[in-house]
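The values are calculated or read from the model by the stated rules, or taken from the named source; none is laboratory data. Bear in mind the structure is a predicted one, so any value in this text is a computation, not a measurement. Glycine gets a Cβ as well: all are built from the backbone with ideal geometry, and neighbour counts include every protein chain shown. These accessible areas exclude ligands, DNA and RNA; they are computed on the full protein's heavy atoms, side chains included. Shrake-Rupley method; radii C 1.70, N 1.55, O 1.52, S 1.80 Å.
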Amino acid sequence: MSTPRHLDTWTPPAAAARWTGLELPRKEDLRLLKGQGTYADDLWMHRMGYVHFVRSPHPHARILDVDTSRAERVPGVYATLTGDEVRRLSDRYTQLAPEPGGRVKDYCLAVDKVRFAGEPVAAVLAESRELARDAGALVEVDYEPLPFVLDAVDGAERGRPQVHTEVGSNVGWHGVFDFGDVDWAVKAADHVVRIPHLHFHRFTSAPLECNAALVHWDPGTGNIELQSNNQMPQFAAMLIAPALGVRTDQLKFKAQDIGGAFGIKLTTYTYLTALALLSRKANRPAKWTEYRSEHLAASAHGNERTFRDIEVPVMADGEILGYRAAAYDDVGAFMRYEPLGAAIWSQVMPGCYRFKHMRVDYRSVFTNKCPVGPNRGYSRLQHLWLVERIVDLVADELGFDPVELRRRNYVPADAFPYTTPNGCVYDSGDYHRMLDRALELIDYDGARELQRDAHGTGKRIGIGIGSTLDSGTNNFGQARIVNKHLPFSGNGEAAICKLDLYGEINVALGTVPQGQSHETTTAQVIADALGVTPDEVLVQPGHDSARNSYTGFSGTYASQFAVTGIGAALGAAERLRADIVRVAACVLECPDEEIVLVRGTASVEGDEDRALTFAEISNLVYANIGALPPDVADTVTLNHRYVYRPPFEVPDWKSKAGNLALTYASQVHACVVEVDEQTGQVRILDYAAVDECGTPINPQIVEGQVHGAAAHGVAAALQETLEYDERGQLLNATFWDYKVLTAPDTPMFKTDNLPCPSPFTPTGSKGMGEGGGAPLHSICGALQDALRGTGAVVTDTHNPPERVWRLLRTPPEARVHGVESVSRKPAP
Amino acid sequence: MRLAGTERLAVPHGALWSVLGDPERLAEALPHVDDLVRLEDGGFEATIRPALALGEVPFRTVWRRDGGVAGETLSFAVEGRSEEYLLELHADLRLTGGDDGATTLAWNVDCGFTGTMRAVGQRVLPAIVRHQVQLVLAAATRQASAATEGGGP
């Protein structure tokens, strides 16, 4: 491996914090709580039609014929679109994957074949949503069913039905991540724990608002207006523009309020393309609002991952030297955002631990299931779950206390910034202190006593810990780890900050908020930078590519807004401040250094009578420019764009080493569960979530994000799963059967925040909010603890009562988990 | 999805058999059925529109007799499609006449869906299928009673 590169610490001028760090009410709530938000389905355009997609009932089939004639004869139907037309009118999307996965031909509608149940085959544009749906039922599609594959491990074998015959197998990407010397570690260790199989299940973050868009291809200008809730428009633009053969600046993206996205709304470019083609064909705007069943069956699922042949070398004193494993990532029928996930997990390769020797043999495997997309904690939480399961199973197998084993192996607080074996730099943290606090919050000793008291009552008590990371602000150079030819590296976000005509402070962000309170937190930071109150800062809601500035990486994803979005806004505000100071110093006849910004004025320090209001400064620059000397008038704009650029280098694609993320927020969760031996029902008795995300800009908003991420994790652990039957049919495509977590299902979270400011970011803040799936780890750990003595092993992330019941009922001799250890020294 | 039931219907065995064996007569009395066309091989095509929570979902179905013993058992193999949904259904009916003039009808349905309907089936479809069966039997009973009282076929 290459020598890890260290970052130089970058510290811009700190803002005088007055508003930053306060729990201010959210600006957004003024409109959202009054029902005055504007979501994609609220949009309307003159002459618009409504779109319905006709979808495949088969997981894999050849399309023999698509007949839209009956649908087209229905009065009120404006146009139809089929795969054959799509092939003629557009190009296939660029694939991020190299060979062989890069050979995949992916269009906005199925062409020649369908590859998962729910894949769009045709589309109908009609005068009403209902009419489009009725007409869709008249579209005749003849299929020839083909054999299909539903399991990634099975699908990776030779001779299985191929999802894409042009790939030559179902393995779209394969790579080995090898750091340290794991073969040596396995030979040298006192114990080697072997875990044959672990499975991370499919689920989604189920945003309240499904996908929706209103697209208009203007025949006069050639511009395509795309109003939607897509969460990363520039990524969409880079795929849509070549597919449609238009310039990227013809694509005008717009979004105001988005009802949650969590990454799942990142890959909706296929639908946007289809709407654009329909709009052009019918010469009218095309609107589509996804049904919940469509969303669950066919938008995007979180990555399902199976780990095989895990081996963990452990020393007698509990030091875990590392691990090796094979990972099979089920990406569904198309790569789309993949195989970026094949590299992103390696941001957190050792988790919170000082593991030195690691090898993961990683495969991205096609199956005839819904394609995956980034899903809150994308790709990292799957891997972090593996790491936490390793720690708990090592403890269980060798008789260590899971708490002490963590303390023994955590990265210590004095080791930060800590460089991992694969070259990632963890910026700051104190995992030991967080663990202590989490255990304090659940009264760990009391919980152990409760566990003892429950013995023989038919209830089992378990205590579990999830210690995890939320790596934020990606280095897109990691794309080269999966495809060395991808011309991506670093990261960047843009913002505009200006004074308007009467001195109003106006900020436009490159990001696309989906509920993360960008208007509030940005206003707090900018208020400090410019000496005003947050109420005086107007942060433009939503995103408008014609108004806002952006980079290719703009968007809201990967826990980065607090660093990149705020960094960009703060940088623009600093430049605006310099303009204000320059004008004021000129007019007030003093050196720049003597100007202070207080309460919306620029005044001479110590002489507040000598002051200009921001309105006066705006007047001088915008309407009274002749009053300024030319050297000032020619250089001052009061309108600044700034691109925040984190200090990244290009990772080494060959060794797969490099600094892949800028910040590492951390979470330690602890929970106490009760398991009913008769029913397998799991009840959470106590739950603590201790978070660390650097300097919180608005602690209340941080806590809200902690609650959301924790709720999503609890839901996935106990209720939410996307299950396919043996015929490739999704079993739970409605909220009747996909059991989302509701308030009564949610435990009372005890939270705390222990800030360790990041040395690498403008405000000391770290991106957060995705969470690292800590509830999955802590609940699995608690179940394992509750099942202690039965020989049962928790091998799946999802543990509904039926699975727990089976774990309790399966006799020891019939267990197939196969966890075992080879010891050269006696276990403790 | 396999469902079964036994019903006691207050109509004579022969009258009930003649209705169940004649899809056109049956369809006249059935809710949610239209466009019935008899096929040359003895089967028939019909569009059925079961009312689901998603609204009425029209299925174009083809029904074919699949064995059976005259006067005793009726079997149907059914294929249906509706936009992104496919339906496969096999139905067996066994009729036994009683001394009191009533008929005992035992039914078995093996029903498979694809698409969202498959997901809905987890909780809702058994109730919907049972409801449809009840509608069919109620309609058949009405037809059979009318024929018996009116001396018709």
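Give the residues of the range A:495-543 that are assigned to a helix (DSSP H, G or I) and within 21 Å of A:Asp579 (Cα to Cα), sorted by residue number. Within the range A:495-543, A:Thr522, A:Ala523, A:Gln524, A:Val525, A:Ile526, A:Ala527, A:Asp528, A:Ala529, A:Leu530, A:Pro534, A:Glu536 meet the criteria.
When the residues of the range A:533-546 are filtered to those that are in contact with a helix residue (DSSP H, G or I) (Cβ under 8 Å, 6 or more places away or on another chain) and touching a residue at least 60 places away in the same chain (Cβ under 8 Å), the one that is surrounded by the most Cβ atoms within 10 Å (Cβ to Cβ) is A:His543. If you go through the range B:52-68 and pick out every residue that is part of a strand (DSSP E or B) and either more than 14 Å from chain A (Cβ to nearest Cβ) or modelled with pLDDT of 80 or more (or both), you end up with 7. Looking across the range B:36-51, the residues that are at pLDDT below 80 and either of a type in the set (Val, Ile, Thr) or closer than 17 Å to B:Val136 by Cβ (or both) come down to B:Pro50, B:Ala51. Those strands (runs of 3 or more DSSP E) of the range A:216-295 in which at least 2 residues are open to solvent by less than 20 Å² (accessible area, probe 1.4 Å), of a type outside the set (Lys, Arg) and over 18 Å from A:Ser554 (Cα atoms), considering only elements entirely within it, cover A:286-289.
Using the structure shown, decide if A:Ala665 is part of a strand (DSSP E or B) and out of contact with any Gly (no Cβ under 6 Å at 6 or more places or on another chain).
Numbers: part of a strand (DSSP E or B): yes; out of contact with any Gly (no Cβ under 6 Å at 6 or more places or on another chain): yes.
Criteria met by A:Ala665.
In the range A:203-231, the residues that are acidic (Asp, Glu) form Cβ pairs under 6 Å with partners that are open to solvent by 40 Å² or more (accessible area, probe 1.4 Å), at six or more places apart or across chains, as follows: A:Glu209/A:Tyr39; A:Glu225/A:Lys252. All conditions but one from (1) in contact with a helix residue (DSSP H, G or I) (Cβ under 6 Å, 6 or more places away or on another chain); (2) surrounded by fewer than 23 Cβ atoms within 10 Å (Cβ to Cβ); (3) farther than 30 Å from A:Leu89 by Cα apply to A:Met315; the one that does not is (1). I'm trying to understand the selection: among the residues of the range A:24-69, which are open to solvent by 20 Å² or more (accessible area, probe 1.4 Å), in contact with a strand residue (DSSP E or B) (Cβ under 7 Å, 6 or more places away or on another chain) and outside any loop (DSSP other than H, G, I, E, B)? Selection gives A:Asp41, A:Tyr50, A:Arg62, A:Ile63, A:Leu64, A:Asp65, A:Val66, A:Asp67. Of everything in the range A:729-752 that is at the interface with chain B (Cβ under 10 Å from one of its Cβ atoms) and of a type in the set (A, V, I, L, M), the residue that is most open to solvent (accessible area, probe 1.4 Å) is A:Leu731.
Here is a check on your reading of the model: is A:Arg641 assigned to a strand (DSSP E or B), open to solvent by 10 Å² or more (accessible area, probe 1.4 Å) and without any contact (Cβ under 8 Å) to a residue 12 or more places away in the chain? Taking the combined requirement at face value, the residue does not satisfy it.
Restricting attention to the range A:383-408, and to residues there that are among the basic types (Lys, Arg) and farther than 14 Å from A:His197 by Cα, which single residue is surrounded by the most Cβ atoms within 10 Å (Cβ to Cβ)? Applying the filter and picking the extreme gives A:Arg406.
In the condition set (1) touching a Lys or Arg at 6+ places or on another chain (Cβ under 8 Å); (2) at positive phi; (3) of a type outside the set (A, V, I, L, M); (4) open to solvent by 20 Å² or more (accessible area, probe 1.4 Å), A:Gly423 is compliant with all but (4). Scanning the range A:73-103 for residues that are touching a residue at least 60 places away in the same chain (Cβ under 8 Å) and open to solvent by 40 Å² or more (accessible area, probe 1.4 Å) yields a total of 6. For residues that are facing another protein chain (nearest Cβ under 9 Å) and either at positive phi or in a strand (DSSP E or B) (or both), scanning just the range B:69-91, find the one that is modelled with the lowest pLDDT. Residue satisfying both the conditions and the ranking: B:Glu83.
Among (1) open to solvent by less than 10 Å² (accessible area, probe 1.4 Å); (2) within 20 Å of the chain's Cα centre (by Cα), which single condition is A:Thr520 missing? With (1) open to solvent by less than 10 Å² (accessible area, probe 1.4 Å); (2) within 20 Å of the chain's Cα centre (by Cα) applied to A:Thr520, the lone miss is (2). May I ask you to list pairs of residues, at least six apart or on different chains, whose Cβ atoms are under 6 Å apart, with the first in the range A:656-683 being touching a residue at least 12 places away in the same chain (Cβ under 8 Å) and crowded, with 24+ Cβ neighbours inside 10 Å and the second being among the aromatic types (Phe, Trp, Tyr) and in a loop (DSSP other than H, G, I, E, B)? So the pair list comes out as A:Leu662/A:Phe760.
Would you pick out the residues in the range A:438-468 that are under 30 Å from A:Thr663 (Cα atoms) and open to solvent by 70 Å² or more (accessible area, probe 1.4 Å)? The answer is A:Glu440, and nothing else. For the range A:36-68, the set of residues classified as closer than 19 Å to A:Leu81 by Cβ and among the polar types (S, T, N, Q) consists of A:Ser56, A:Thr68, listed by residue number.
Scanning the range A:487-501 for residues that are over 30 Å from A:Thr637 (Cα atoms) and under 21 Å from the mean Cα position of the chain (by Cα) gives A:Phe488, A:Ser489.
Here A:Ala558 fulfils each of the conditions (1) of a type in the set (Gly, Ala, Ser); (2) at pLDDT 95 or above; (3) surrounded by 16 or more Cβ atoms within 10 Å (Cβ to Cβ) apart from (2).
Just to be sure I understand, how many residues within the range A:329-349 are part of a strand (DSSP E or B) and either surrounded by fewer than 24 Cβ atoms within 10 Å (Cβ to Cβ) or under 17 Å from the mean Cα position of the chain (by Cα) (or both)?
Narrowing the range A:329-349 to residues part of a strand (DSSP E or B): A:329-332.
Next, from what is left, pick out any that are either surrounded by fewer than 24 Cβ atoms within 10 Å (Cβ to Cβ) or under 17 Å from the mean Cα position of the chain (by Cα) (or both): A:329, A:331.
So the answer is 2.
Got a sec? Which helices (runs of 4 or more DSSP H) wholly within the range A:71-156 have at least 1 residues that are more than 14 Å from chain B (Cβ to nearest Cβ) and under 30 Å from A:Asn303 (Cβ atoms)?
Details: elements: A:83-89, A:129-136, A:152-155.
Ranges flagged: A:83-89, A:152-155.
Might you check whether a residue that is at pLDDT 95 or above, within 14 Å of chain B (Cβ to nearest Cβ) and either surrounded by fewer than 24 Cβ atoms within 10 Å (Cβ to Cβ) or under 22 Å from the mean Cα position of the chain (by Cα) (or both) occurs anywhere in the range A:784-801? Yes, the range A:784-801 contains at least one residue that is at pLDDT 95 or above, within 14 Å of chain B (Cβ to nearest Cβ) and either surrounded by fewer than 24 Cβ atoms within 10 Å (Cβ to Cβ) or under 22 Å from the mean Cα position of the chain (by Cα) (or both).
Of the residues examined, A:Asp178 is one that is open to solvent by 10 Å² or more (accessible area, probe 1.4 Å), modelled with pLDDT of 95 or more and not in a loop (DSSP other than H, G, I, E, B). Of the listed requirements (1) farther than 24 Å from A:Ala135 by Cβ; (2) out of contact with any strand residue (DSSP E or B) (no Cβ under 9 Å at 6 or more places or on another chain); (3) within 14 Å of chain A (Cβ to nearest Cβ), B:Asp22 misses just one: (3).
Would you check if there is a residue in the range A:506-517 being at pLDDT 95 or above, farther than 30 Å from A:Asp676 by Cβ and surrounded by fewer than 21 Cβ atoms within 10 Å (Cβ to Cβ)? Yes, the range A:506-517 contains at least one residue that is at pLDDT 95 or above, farther than 30 Å from A:Asp676 by Cβ and surrounded by fewer than 21 Cβ atoms within 10 Å (Cβ to Cβ).
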